[in-house]
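The values are calculated or read from the model by the stated rules, or taken from the named source; none is laboratory data. Treat the numbers as computed from the prediction; the structure is a model and nothing was measured. Cβ atoms come from the backbone with ideal geometry, glycine included; neighbour counts cover every protein chain shown. These accessible areas exclude ligands, DNA and RNA; they are computed on the full protein's heavy atoms, side chains included. Shrake-Rupley method; radii C 1.70, N 1.55, O 1.52, S 1.80 Å.
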Amino acid sequence: MSKKTVQKSKKRTTRANKKRTTGVKTNTVVKSAPVTSEKVTEVKPVEVPKKVDTVESTPKTTVQPKETSEKVIVAESAPAVKTMPAKKATTKKATAAKSTTATSKKTTTAKPKSIKSETPVEPKPTEVIQEVPVEKSQPIDLGPRRSVAFIGSECYPFVKTGGLGDVMSALPKSLAKLNMDVKVIIPRYKCIPQKFQEKMEYKGSFYMDLCADGKQYYVGIMEYQEDGVVYDFIDNDEFFSWGNPYTNLIDDIPKFCYFSKAALAALNYLNWTPDIVHCHDWQAALVPLYLRTSFKDTNVGRAGAVLTIHNLRFQGIYDRKTIQYWSDLPDYVFNKDCMTQNWLDANMLKGGITYCNKLTTVSNTYAGEIQTEEYGEGLEEHLRYHSSKVLGIVNGIDTDIWNPATDKLLAAQYDNQSVIKNKKANKKALQESLGLEVDDHKIVIGLISRLTNQKGLDLVNDVIPSIMDEHTQVVVLGTGDAMYEDAFRYYENKYKGNFCAYIAYNENVAHNIYAGCDALLVPSRFEPCGLTQLISMRYGSIPIVRETGGLKDTVQPYNLFDNTGNGFTFDRYESGLLYDAINRAKTLYFENRKYWDEMVVRDMNKDVSWQQSAKQYKDMYVELTPKY
């Protein structure tokens, strides 16, 4: 074809449809009809190739035709195609094809289906889309990497009796997401569910000297991995064959002397040397002492030691000679500034406080409270002496487990957008399941707790007759002291249909109380951190708490004048002040529901996860170890 003919063809193409790209299957041949003809064959849609050659000198996208039939084939719809520079060798053929297509279109009276196909499709630039994965693939700087071995007596979901089990579960997972190498070591109790026992892998065994007379004990190591965390279980039937993790001090003292030493011996056996050994409560408080005595010349002896106090009331105090025999610790640690207490006893937690590099508590307020006579449990002077290494970091909760938007145990799942509507469905389901009168206009107050004096249940017992009226319902879940169990059973019988005493611990019922109640009581005498108030806020239930420990750190008192805060609080440990806090909550609930609902949404938006707390722990670990 001559150059002049090509130019004329281009002009006709421009008049036919300016800036239009016609998609034609690459391997399909198009034979153009004569220009003078008024008839064309039936139009059929074909697939459009992902890539086609284009003419370098023109913005229009063209395809190279191939002659195979007498039909003019037009694509019904063509997605945007990426324009690519074409080779000069294909220019003439592509231009000719474009000319043919334009001529054919000029003489075609298309059906409606064909008209749709003639809609101009402009090529979409794909350069930006290609750059996105490059940005995502760039590594995120999570800071220095450190290795930490957690040593404690319980860990959810294997075994749990309180908040320690939750911390030993959630904190390592959060640290693993922050570029930390984490290992958790706990005893292999017989009460660990069989579904976990079956997945454990045997990693080895050895015998270890334990007692002062050189008696040896078997140490087996079983391993389980999940969520980026390695769990090692210390196996010994002589110490861990009981159904419950804790029995009595006579049995628990030898058991946890063995466990503390065996955990460090297991790390050496596995050749896994941590930067930090993080032990928890009195059951693992001998770990810092072992690190600086029996294991000081081993690999694990180079690790820093962190001790966390979850509840200062439990310290592992027992006869000095018994602890000295079972631990086989050197005599010089049994003095008044370390292990010895009241001359005849030894205090395992006190020894751990002395030898650890950093002492943490589970809230900032509690870190200060334990150094006072009221909350110090006899160790306030010792703690004040070591105050330079005391640090308070508030706990979080596992927001994957405690998530009302995905909680399958609820009657209706919800988030901060649907909480006001769907909480009513959960309230109704709770009332029906516990035998309460079904009435959405009543305020439901929940209490989920161990039934002990520490949890402020004497105050609750005092105020129940005063707060029970035709507008109030109360639900209690938990076990503990018989006096409180019997008292709540009495109230259930007295206020039938408005009071429920569920004297047991049932995880399903707990989830439904958090979701179905309007407010939750946590009037503790002292509370190192507390998890129930965090979970209640996560589920949109307003906490009513005493200002102590972690309760003070996590619950901001409601201010009616500027409509701020996320709960109702009282300071002194008095039943009259608890009664006043409950009445303030009921007044807002019944007289200004708009402000109440705004506080519900505000609580659900509050960050109660481990994310910020885990960062604080990581910063502490980095400070305690050399920078590589």
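Any chance the range 407-416 includes a residue that's under 17 Å from Leu520 (Cα atoms) and either open to solvent by less than 30 Å² (accessible area, probe 1.4 Å) or of a type in the set (D, E, K, R) (or both)?
no
Taking the condition in contact with a Lys or Arg (Cβ under 9 Å, 6 or more places away or on another chain), surrounded by 23 or more Cβ atoms within 10 Å (Cβ to Cβ) and small (Gly, Ala, Ser), does Ala285 pass?
When the stated conditions are applied, Ala285 passes them.
Find all pairs meeting these conditions: Cβ atoms under 7 angstrom apart; at least six residues apart or on different chains; first residue within the range 320-334 and farther than 14 Å from Phe256 by Cα; second residue aliphatic (A, V, I, L, M) and in a helix (DSSP H, G or I).
Val333/Leu289
So is Ile582 in contact (Cβ under 8 Å) with a residue 40 or more places away in the chain, closer than 30 Å to Ala149 by Cβ and in a helix (DSSP H, G or I) or not?
So Ile582 does not fit the description; no.
Taking the range 483-523, which residues are without any contact (Cβ under 8 Å) to a residue 24 or more places away in the chain and of a type in the set (Ser, Thr, Tyr)?
Once the filter is applied, which keeps residues that are without any contact (Cβ under 8 Å) to a residue 24 or more places away in the chain and of a type in the set (Ser, Thr, Tyr), the range 483-523 yields only Tyr490.
Scan the range 322-362 residue by residue and report those that are open to solvent by 60 Å² or more (accessible area, probe 1.4 Å), part of a helix (DSSP H, G or I) and either of a type in the set (A, V, I, L, M, F, W, C) or under 17 Å from Asp252 (Cβ atoms) (or both).
The one that is open to solvent by 60 Å² or more (accessible area, probe 1.4 Å), part of a helix (DSSP H, G or I) and either of a type in the set (A, V, I, L, M, F, W, C) or under 17 Å from Asp252 (Cβ atoms) (or both): Tyr325.
Suppose we filter Lys173, Lys203, Lys190 for residues that are surrounded by fewer than 17 Cβ atoms within 10 Å (Cβ to Cβ), among the basic types (Lys, Arg) and not in a loop (DSSP other than H, G, I, E, B); which single one remains?
Lys203
Regarding Leu291, is this residue within 31 Å of the chain's Cα centre (by Cα), under 20 Å from Ser147 (Cα atoms) and at pLDDT 95 or above? Spell out the reasoning first.
Details: within 31 Å of the chain's Cα centre (by Cα): no; under 20 Å from Ser147 (Cα atoms): yes; at pLDDT 95 or above: yes.
When the stated conditions are applied, Leu291 does not pass them.
Tally the residues that are closer than 21 Å to Lys173 by Cβ and polar (S, T, N, Q), restricting the search to the range 198-240.
Total satisfying the criteria: 1.
With the condition being under 27 Å from Phe590 (Cα atoms), I'd like the helices (runs of 4 or more DSSP H) fully within the range 378-473 carrying at least 2 qualifying residues. Break it down into steps so the answer makes sense when it comes.
Numbers: elements: 380-385, 419-433, 457-467.
The qualifying helices (runs of 4 or more DSSP H) are 419-433, 457-467.
Checking Ala487 against (1) touching a helix residue (DSSP H, G or I) at 6+ places or on another chain (Cβ under 9 Å); (2) closer than 19 Å to Arg546 by Cα: exactly one of these is not met. Which one?
It is condition (2) that Ala487 fails.
For residues in the range 586-605 being open to solvent by less than 40 Å² (accessible area, probe 1.4 Å) and of a type in the set (A, V, I, L, M, F, W, C), which is nearest to Pro404 (Cα to Cα)?
Met604
Assuming Gly446 fulfils every condition listed in (1) of a type outside the set (A, V, I, L, M, F, W, C); (2) on the phi > 0 side of the Ramachandran plot; (3) surrounded by 24 or more Cβ atoms within 10 Å (Cβ to Cβ) apart from one, which condition is it?
(2)
Could you check how many residues of the range 464-486 are open to solvent by less than 20 Å² (accessible area, probe 1.4 Å) and not β-branched (Val, Ile, Thr)?
First pass over the range 464-486, keeping only residues open to solvent by less than 20 Å² (accessible area, probe 1.4 Å): 464, 467, 472-478, 484.
Right, trim to not β-branched (Val, Ile, Thr) and you get 473, 477-478, 484.
Total meeting the criteria: 4.
Do you know which of the residues in the range 571-585 that are open to solvent by 10 Å² or more (accessible area, probe 1.4 Å) and not acidic (Asp, Glu) is nearest to Asp462 (Cα to Cα)?
Ser575
Grab the helices (runs of 4 or more DSSP H) fully contained in the range 212-299, keeping just those with 3 or more residues being among the hydrophobic types (A, V, I, L, M, F, W, C) and in contact (Cβ under 8 Å) with a residue 24 or more places away in the chain.
Fully inside the range 212-299 and qualifying: 249-269, 287-292.
Among the numbered criteria (1) open to solvent by 10 Å² or more (accessible area, probe 1.4 Å); (2) at pLDDT 95 or above, which single criterion is violated by Arg302?
In the conditions (1) open to solvent by 10 Å² or more (accessible area, probe 1.4 Å); (2) at pLDDT 95 or above, Arg302 misses (2) alone.
Considering only residues that are at pLDDT below 95 and open to solvent by less than 20 Å² (accessible area, probe 1.4 Å), which ones fall in the range 614-628?
Matches in the range 614-628: Thr625 only.
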